[in-house]
Amino acid sequence: MSYVDEVLERVKAKNASEPEFLQAVEEVLDSLRPVIDANEEVYRREAILERLTEPDRQFKFRVPWVDDKGQVQVNTGYRIQFNNSIGPYKGGLRLHPSVNTGIIKFLGFEQIFKNSLTGLPIGGGKGGADFDPKGKSDREVMAFCQSFMAELCKYIGADVDVPAGDIGTGAREIGYMFGQYKKIKSVYEGVLTGKGLTYGGSLARTEATGYGLLYITQELMKCHGESMEGKTVVVSGAGNVAIYATQKAQQMGAKVVTCSDSTGWIYDPEGIDVELLKEVKEVKRARLTEYAAARKSAEYHEGRGVWSVKCDIALPCATQNELLIDDAKALVANGCKAVCEGANMPTTIDATKYLQENGVWFIGGKAANAGGVATSALEMTQNSERLSWTFEEVDSKLQQIMVSIYHNIDDAAKRYGQEGNYVMGANIAGFEKVATAMIAQGVV
Ligand code: NDP
């Protein structure tokens, strides 16, 4: 049995109750086969794959807080520190009722490769809680964040582990967490990224994941002799990534005709009105029905359905496993040319294979949404220098990073005779740097 298959079997036996983690490991290890097979003896002796799939450590803790009625509520908090061979652990905090050990573990695992791909010195981590900020008052959110940080602060630090935002964790939540960290530790340091601009945040961090997604998509199109101008784009989600992806796509001359949330989706043939979407989602924190009510050209549909809309480019920007095999078939049938993932693991493995086999250019989230964490690392640099760069400075660095990620993954795929397989290219390029660092640092 090959080394990859041996490790896959062991990981499956050991983590049977964590399907998302197994999905992520299978996807990565499968695509690393050519690299591992070419140097199997060394990787096996070093137990590189066993070490890569076993986190350095995981924390799971109680988060008690009091709601507005005086009732004590209890949530479960998580932080996983997966691998710090190329820099301090770095990865977001997800606040969503679906959060559990397996979700945090898959996200932390993916983060190792994504962070490596940025070319910046950051290791892989992730965290969060099964808390739902939706429908909570500001005071309740603050109470939760303070309690969460009272425990999390024991494990993080500017040179140790630097969490950031993710689903459900935006500027408000990061602000409350940063305040609590500072109060408990009495130190003013860049321990979180995604901070407000008046206390160490970076310009362009809010836009970074969505903008970065479009910079890499644009480079992909350019390298295939196409441009973004005049393209019809379908986006899922209506959160941070979706909003800024939509904005940048429109600035590039494309028309984005959909967005979605966990209850329904919008089809707007005249193009999504980003300012209205921001008002509904960022300011009012309301449902998409409000968008449809305020815009004549928009249709609101219950449930899911954005992938059935005819498009040139599809950008899944909501959550994991939201683009399934039937969606992939609909996209192919409608002539979609490119799918680039703004979310983490939004496309299932069979859907990904179907898209690739049918000639759709597919860039997975590890590469395509790396602009967020890359800009977080730029925020860390500014905090260390105690300086703030201009929007243009950060944005132009982000653009360079995304273009260089595209070429790195493209080159890695070509080196192994897999031209156009950007999923494989991303996993290989991310893995090589981490594995080299792990071997150089000995058995730790
Ligand atoms: P937000 O919380 O801002 O938005 C998430 C969006 O997805 C919302 O529209 C939400 O709908 C929808 N959504 C969430 N969960 C589900 C679900 N189970 N079913 C259907 N829809 C759902 O998160 P972000 O935009 O920050 O993150 C989106 C994705 O991008 C995630 O996969 C995240 O890990 C990834 N990502 C984010 C980065 C960032 O910088 N923010 C960086 C890299 C990756 P509703 O409003 O109804 O909840």
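The values are calculated or read from the model by the stated rules, or taken from the named source; none is laboratory data. Treat the numbers as computed from the prediction; the structure is a model and nothing was measured. Neighbour counts run over all protein chains shown; Cβ positions are idealised from the backbone, glycine included. Quick note on the areas: whole protein, heavy atoms, side chains included, nothing else; ligands and nucleic acids left out. Shrake-Rupley method; radii C 1.70, N 1.55, O 1.52, S 1.80 Å.
Taking every C-alpha pair closer than 8 Å and separated by at least 6 residues, the mean separation divided by the residue count of the chain gives a relative contact order of 15 percent.
When the convex hull of its Cα atoms is viewed from all sides, the chain shows a mean projected area of 20.6 nm². For the chain, leaving out every one of the GluC sites (Glu not before Pro) that falls in a DSSP loop and has at most 13 other Cβ atoms within 10 Å, the longest unbroken run is 1-228. With Rh defined as the Kirkwood radius, the inverse of the mean 1/r over Cα pairs, the Rg/Rh of the range 137-281 is 1.07.
For ILE439 and ARG415, the difference between the fully extended length at 0.36 nm per residue and the C-alpha to C-alpha distance is 6.4 nm. What the Cβ-Cβ distance of THR390 and VAL332 gives, at R0 = 41 Å and to the nearest 0.05, is a FRET efficiency of 0.45. Of the chymotrypsin sites (Phe, Trp or Tyr not before Pro) found in the range 55-131, not one falls in a DSSP loop while having at most 16 other beta-carbon atoms within 10 Å.
Students often get this wrong, so check it: of LYS183/LYS278; LYS14/LYS60; LYS105/LYS284; LYS114/LYS182; LYS154/LYS183, which have C-alpha atoms separated by over 21 Å? Listed pairs above 21 Å: LYS183/LYS278; LYS105/LYS284; LYS114/LYS182. With a Förster radius of 30 Å applied to the beta-carbon distance between ALA13 and ASN358, the computed FRET efficiency rounds to 0.30. About its Cα centre, the dipole of the chain is roughly 1060 debye, where the only charges are +1 on Lys and Arg Cβ and -1 on Asp and Glu Cβ.
For LYS337, the residues 5 or more places off, or on other chains, whose built amide H falls under 5 Å of its own are ILE313. Taking θ as phi - 60° and the Karplus parameters 6.51, -1.76 and 1.60, the scalar couplings of the range 51-63 work out to 5, 5, 8, 10, x, 4, 6, 9, 10, 9, 8, 7, 10 Hz in sequence order, x denoting glycine and proline. The phi-based Karplus calculation (6.51 cos²θ - 1.76 cosθ + 1.60; θ = phi - 60°) puts the 3J(HN,Hα) values of the range 430-444 at x, 5, 4, 5, 5, 5, 4, 5, 5, 5, 5, 8, x, 7, 10 Hz, whole numbers, x for Gly and Pro. A simple spin-label model places the labels of LYS310 and LYS134 3.2 nm from each other, with each point 7 Å out along Cα-to-Cβ. Taking label positions 7 Å along the Cα-Cβ direction at both ARG45 and GLU26, the computed distance is 3.3 nm, reported to one decimal.
With each label modelled as a point 7 angstrom along the Cα→C-beta vector, the GLN73-GLU275 pair spans 3.4 nm. Could you tell me how far the Cα centroid of the range 33-93 sits from the Cα centroid of the range 310-385, in Å? If we compute the Cα centre of each part, the gap is 22 Å.
Dipole size of the range 208-363 about its Cα centre, with +1 on Lys/Arg Cβ and -1 on Asp/Glu Cβ: approximately 140 debye, rounded to the nearest 20. Ordering ASN83, PHE61, VAL4 by the projection of their Cα atoms onto the charge dipole of the range 1-134, which places +1 on the Cβ of Lys and Arg and -1 on the Cβ of Asp and Glu, puts PHE61 at the extreme positive end. Per residue, the range 51-152 exposes 33 Å² of accessible surface when a 1.4 Å probe is rolled over the protein heavy atoms with every protein chain present. Note on the chain: helix-only mean residue ellipticity at 222 nm, from DSSP H runs of 4+ residues weighted -39500 (n - 2.57) and normalised by residue number, equals -15000 deg cm²/dmol. Along its principal axes, the range 3-190 has C-alpha extents of 60, 34, 22 angstrom, given from the largest down. Residue by residue, the range 84-101 carries 3J(HN,Hα) couplings of 10, 6, 10, x, x, 4, 8, x, x, 10, 9, 10, 7, x, 7, 5, 8, 4 Hz when phi is fed to the Karplus relation 6.51 cos²θ - 1.76 cosθ + 1.60 (θ = phi - 60°); x denotes Gly or Pro. Remark on LYS90: its backbone amide H falls under 5 Å from those of GLY123, GLY124, GLY125, VAL162, a criterion applied only to residues 5 or more positions apart or on other chains, H modelled at 1.01 Å from N. Scanning the chain for trypsin sites (Lys or Arg not before Pro) that sit in a DSSP loop and have at most 14 other Cβ atoms within 10 Å, the longest stretch containing none of them is 155-283. Positive end of the charge dipole of the range 208-363 (Lys, Arg +1 and Asp, Glu -1 on Cβ, about the Cα centre): tell me which of ALA254, HIS301, ALA314 has its Cα farthest that way. After comparing all options, I get ALA254. Compute the label zone of SER227 within the range 338-364: residues whose backbone N is under 20 Å from the point 7 Å along Cα-to-Cβ. Backbone N within reach: 338. Shown for the range 118-157: the carbon plus sulfur share of the solvent-accessible area, taken with all protein chains present and a 1.4 angstrom probe, equals 52%. A 1.4 Å probe run over the protein chains yields, for the range 208-363, 38 Å² of accessible area per residue, whole-number rounding. Computed from the C-beta positions of ALA38 and VAL160, the FRET efficiency with R₀ = 41 Å rounds to 0.75.
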